[in-house]
Amino acid sequence: MAFLKVVKDDITTITVDAVVNAANNSLLGGGGVDGAIHRAAGPELLAACRPLGGCETGNAVLTAAFRLPCRYVIHTVGPIWSGGSNNEAGALASCYHHCLQLADRHAVVSIAFPAISCGVYGFPIYPAAKIAVESVMDYCSQTHCSIKSVLFVCFGDEVKMAYEGALKQV
Ligand code: APR
C-alpha cells in the first residue's frame, strides 16, 4: 500500500518520479499549474505535447519532464464543474485512475498530484479532495501497483485543509 501525504508547495519544485499536470484538452498549456509546469519544464514540454493531438477529459498522457526535477509529466484533463449532474465526479476519479495506471506502467514509485479541477475548472474543493484520496487508495491497494509514495501538493491553505481532512476520513 502506498504512503499518501499532503504538502503545501509549488509542484514544479517537487522531486518525485512523476508530477501530474492539470491540463486542458488541447495540451498546449494554459494558466494555473499547467502554466507553472510548462514554464519550469521549458519549451521542450510544449514541443513534446504538440504531436499528441490533445487529451480527452478524464484521460491522461505521459511525457518527459525536461527541466523539471522529475522523470515524467503526466498530463490529465479534469472536468469543468457544471453543478455536479454531468458526471464530474466520475470524470475526476477517472483522471486519478488513468494517471496512476500510466505511472504504474512506467515503474513510477513516487508521484505528485495537484488539486485537479480545483482552480479554473471550479470543482468544489472538499468533494474533489475526497475523490482524489479515495481514487488513489482504491488504485494503490491493488497488488501489482508499483507506486509507493503519493504526494498531494496543495498551493493554498484551504486546499491543504481539504486534503488533510479527506486523508483523515479513510
Ligand atoms: N503547484 C501546485 N499547485 C498549483 C500550482 C503550483 N505551481 N499552481 C496552481 N496550483 C493549484 C491551484 O491553486 C488549484 O488548487 O492547482 C489547482 C488546480 O488549478 P488549475 O491550475 O486552475 O487547474 P484546473 O482547475 O484543473 O483547470 C485547468 O486551467 O490552467 C488552465 O490549462 C489549464 O485549461 C486548464 C485549466
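Read-outs: derived from the displayed coordinates by stated rules, not from any lab. Only a predicted model underlies this, so the values are computations on that prediction, with no experimental measurement involved. Note that we place each Cβ from the backbone using ideal geometry, even for glycine, and neighbour counts take in every protein chain shown.
Give me the residue from segment 102-115 that is among the β-branched types (Val, Ile, Thr) and touching a Lys or Arg at 6+ places or on another chain (Cβ under 9 Å) and, out of that set, surrounded by the most Cβ atoms within 10 Å (Cβ to Cβ). Walk me through it before giving the result.
Start the filter on segment 102-115 by keeping residues that are among the β-branched types (Val, Ile, Thr), which leaves 108-109, 111.
Narrowing the set further to residues that are touching a Lys or Arg at 6+ places or on another chain (Cβ under 9 Å) leaves 108-109.
Values: 108: 23, 109: 13.
Residue satisfying both the conditions and the ranking: 108.
It is to be established whether one or more residues within segment 140-151 are away from the ligand (no atom under 16 Å from the Cβ), surrounded by 15 or more Cβ atoms within 10 Å (Cβ to Cβ), outside any loop (DSSP other than H, G, I, E, B) and more than 14 Å from the chain's Cα centre (by Cα). Walk me through how you get there before you give the answer.
Step one: list which residues in segment 140-151 are away from the ligand (no atom under 16 Å from the Cβ), which gives 140-149.
Applying the additional criterion that residues be surrounded by 15 or more Cβ atoms within 10 Å (Cβ to Cβ) yields 140, 145-147, 149.
Of the ones still in play, those that are also outside any loop (DSSP other than H, G, I, E, B) are 140, 149.
Restricting the remaining residues to those that are more than 14 Å from the chain's Cα centre (by Cα) gives 140.
Within segment 140-151, one or more residues are away from the ligand (no atom under 16 Å from the Cβ), surrounded by 15 or more Cβ atoms within 10 Å (Cβ to Cβ), outside any loop (DSSP other than H, G, I, E, B) and more than 14 Å from the chain's Cα centre (by Cα).
Go through (1) of a type in the set (A, V, I, L, M, F, W, C); (2) out of contact with any strand residue (DSSP E or B) (no Cβ under 6 Å at 6 or more places or on another chain); (3) not in a helix (DSSP H, G or I) one by one and return the number of the condition residue 129 breaks.
Going through (1) of a type in the set (A, V, I, L, M, F, W, C); (2) out of contact with any strand residue (DSSP E or B) (no Cβ under 6 Å at 6 or more places or on another chain); (3) not in a helix (DSSP H, G or I) one by one, residue 129 breaks only (3).
Considering segment 67-96 alone, what residues qualify as being within 24 Å of residue 12 (Cβ to Cβ) and in a helix (DSSP H, G or I)? Can you show your working first?
Of segment 67-96, the ones within 24 Å of residue 12 (Cβ to Cβ) are 67-80, 92, 95-96.
Those that are within 24 Å of residue 12 (Cβ to Cβ) and in a helix (DSSP H, G or I): 92, 95, 96.
When residues of segment 5-58 are filtered for being touching a residue at least 40 places away in the same chain (Cβ under 8 Å), surrounded by fewer than 19 Cβ atoms within 10 Å (Cβ to Cβ) and under 23 Å from residue 89 (Cβ atoms), how many remain?
The qualifying residues number 3.
Which residue out of 99, 118 is crowded, with 19+ Cβ neighbours inside 10 Å, touching a residue at least 40 places away in the same chain (Cβ under 8 Å) and either among the basic types (Lys, Arg) or in a loop (DSSP other than H, G, I, E, B) (or both)?
Among 99, 118, only 118 is crowded, with 19+ Cβ neighbours inside 10 Å, touching a residue at least 40 places away in the same chain (Cβ under 8 Å) and either among the basic types (Lys, Arg) or in a loop (DSSP other than H, G, I, E, B) (or both).
Could you please let me know if residue 54 is touching a helix residue (DSSP H, G or I) at 6+ places or on another chain (Cβ under 8 Å) and part of a loop (DSSP other than H, G, I, E, B)?
Details: touching a helix residue (DSSP H, G or I) at 6+ places or on another chain (Cβ under 8 Å): no; part of a loop (DSSP other than H, G, I, E, B): yes.
For residue 54, the condition - touching a helix residue (DSSP H, G or I) at 6+ places or on another chain (Cβ under 8 Å) and part of a loop (DSSP other than H, G, I, E, B) - is not met.
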